[in-house]
Number of protein chains: 2
Amino acid sequence: MSHDLTFDLHVLTARLDRAAEEILQPAFGLSYRRFLTLLLVGELGPVTQRALAEALGVSEPSVSRMTGALAGTGLLEAGPDPAGGNRRRLTLTPSGKQAVAQCRDLLERRFADVVERSGVSYGDYARDTRRLIAALDDREDER
Amino acid sequence: MSHDLTFDLHVLTARLDRAAEEILQPAFGLSYRRFLTLLLVGELGPVTQRALAEALGVSEPSVSRMTGALAGTGLLEAGPDPAGGNRRRLTLTPSGKQAVAQCRDLLERRFADVVERSGVSYGDYARDTRRLIAALDDREDER
DNA sequence: CCTCCTAACTTACCGTGCTAAGTTATAGGT
DNA sequence: ACCTATAACTTAGCACGGTAAGTTAGGAGG
């Protein structure tokens, strides 16, 4: 049906997003991107928006908008950095931490299921994916 | 750096889009999504918007907007279907055909390069990608 | 002939990505 | 003490995805 690897990769990520959305939306009212943002804030600990943007691989304006929205849900705390400077300090609220932990468990279980059924080796596929990313990054650096 | 396969897949598709954009934008003024749309119209021949949406894996409103924009560039011809009904018939103009052919060649060459360098087997990776999509689709069908 | 169903398309609105340009807070040189 | 440079964040506006609800053309039944 579809013939091209790059096309299939887009289809795959779209399906993954959708599957994650179906799990997260009814249970927590979170989109996949919002969950990811919270997840990284949890992993990074108190973090600036700039650092979070870097970790998420998105632009600073995207993070600015996202954190604005998430702060309104009570899952994320965003205040001025006490260390000073024009920075904001992002942390999870207790309910944010709880939501992230539950979402992660749910998603990991479901995804492990899917990989299991597909017969694909998680390790091999993950390794190849990272190699492709690295090759693309190299190509970019050349200019 | 990043730990999760689904995250890396998003990174990979984002990088692919960006690389494609850098090639297509200066040379043809096309985004990757627009190129893809034109490519499928070329492959499917005269086609309705509904069928194109199905082939692209996107919604009908998306195609409606996209074809509206592309029709304004002179690459795509969109008129009422002579067979009647509330349908539109999409075809490539001669310059559309030419642009698609040139873009495809360019992108395929560049992408083959990247895969080559990464050391990843195109065939294996493509097969695994399709298997994962199939596994996700199965899961969906169960409900 | 008129009504109503269905399929295809459109409109309206929103989420989330981007870039470009504007703002603000600290730091450094004179 | 006052510019100015820099870093972090915000605002504005576009691209392109989605859903929900509206429109329109053709066909089927009373």
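Looking at B:Thr73, is it part of a loop (DSSP other than H, G, I, E, B) and more than 14 Å from chain A (Cβ to nearest Cβ)? First the steps, then the outcome.
Numbers: part of a loop (DSSP other than H, G, I, E, B): yes; more than 14 Å from chain A (Cβ to nearest Cβ): yes.
Yes, satisfied.
Kindly provide the set of residues from the stretch A:1-58 that are in a loop (DSSP other than H, G, I, E, B), more than 12 Å from chain B (Cβ to nearest Cβ), more than 21 Å from A:Gly85 (Cβ to Cβ) and over 14 Å from the mean Cα position of the chain (by Cα), ordered by number.
Hit for the stretch A:1-58 is A:Gly29, nothing else.
Among the listed residues A:Leu36, A:Leu52, identify the single one that is closer than 25 Å to B:Leu136 by Cα, within 12 Å of DNA strand C (Cβ to nearest atom) and surrounded by 13 or more Cβ atoms within 10 Å (Cβ to Cβ).
After applying the criteria, what remains is A:Leu36.
Somewhere in the stretch A:61-68, is a residue within 8 Å of DNA strand D (Cβ to nearest atom), assigned to a helix (DSSP H, G or I) and within 14 Å of another protein chain (Cβ to nearest Cβ)? Quick ask: steps written out before the conclusion?
Going residue by residue through the stretch A:61-68, those that are within 8 Å of DNA strand D (Cβ to nearest atom) are A:61, A:63-65, A:67-68.
If we keep only those that are assigned to a helix (DSSP H, G or I) too, we end up with A:61, A:63-65, A:67-68.
Subset that is within 14 Å of another protein chain (Cβ to nearest Cβ): none.
Checked against the condition, which is being within 8 Å of DNA strand D (Cβ to nearest atom), assigned to a helix (DSSP H, G or I) and within 14 Å of another protein chain (Cβ to nearest Cβ), the stretch A:61-68 yields no hits at all.
Which members of the stretch A:89-114 meet the condition of being farther than 21 Å from A:Leu40 by Cβ and more than 7 Å from every other protein chain (Cβ to nearest Cβ)?
A:Asp113
For residues in the stretch B:99-126 being among the basic types (Lys, Arg) and without any contact (Cβ under 8 Å) to a residue 40 or more places away in the chain, which is nearest to B:Ser31 (Cα to Cα)? Talk me through it step by step, then tell me what you get.
To start, the set of residues in the stretch B:99-126 that are among the basic types (Lys, Arg) comprises B:104, B:109-110, B:117.
Filter again for without any contact (Cβ under 8 Å) to a residue 40 or more places away in the chain, leaving B:109, B:117.
Details: B:Arg109: 18, B:Arg117: 25 Å.
Residue satisfying both the conditions and the ranking: B:Arg109.
Could you tell me whether the stretch B:119-131 includes any residue that is exposed (fewer than 15 other Cβ atoms within 10 Å of the Cβ) and either in a strand (DSSP E or B) or on the phi > 0 side of the Ramachandran plot (or both)?
Looking for residues that are exposed (fewer than 15 other Cβ atoms within 10 Å of the Cβ) and either in a strand (DSSP E or B) or on the phi > 0 side of the Ramachandran plot (or both), one finds at least one in the stretch B:119-131, hence yes.
For the stretch A:94-114, state whether one or more residues are of a type outside the set (Ser, Thr, Tyr), assigned to a loop (DSSP other than H, G, I, E, B) and surrounded by 14 or more Cβ atoms within 10 Å (Cβ to Cβ).
no
Take the residues in the stretch A:76-98 that are in contact (Cβ under 8 Å) with a residue 40 or more places away in the chain and closer than 26 Å to A:Arg18 by Cα, then tell me which one is nearest to DNA strand C (Cβ to nearest atom).
A:Gly96
Coordinate-derived values only; no laboratory data. These numbers were taken from a predicted model, which means no experiment stands behind them. Every residue, glycine as well, gets a Cβ built from its backbone with ideal geometry; the counts of neighbours run over all protein chains shown.
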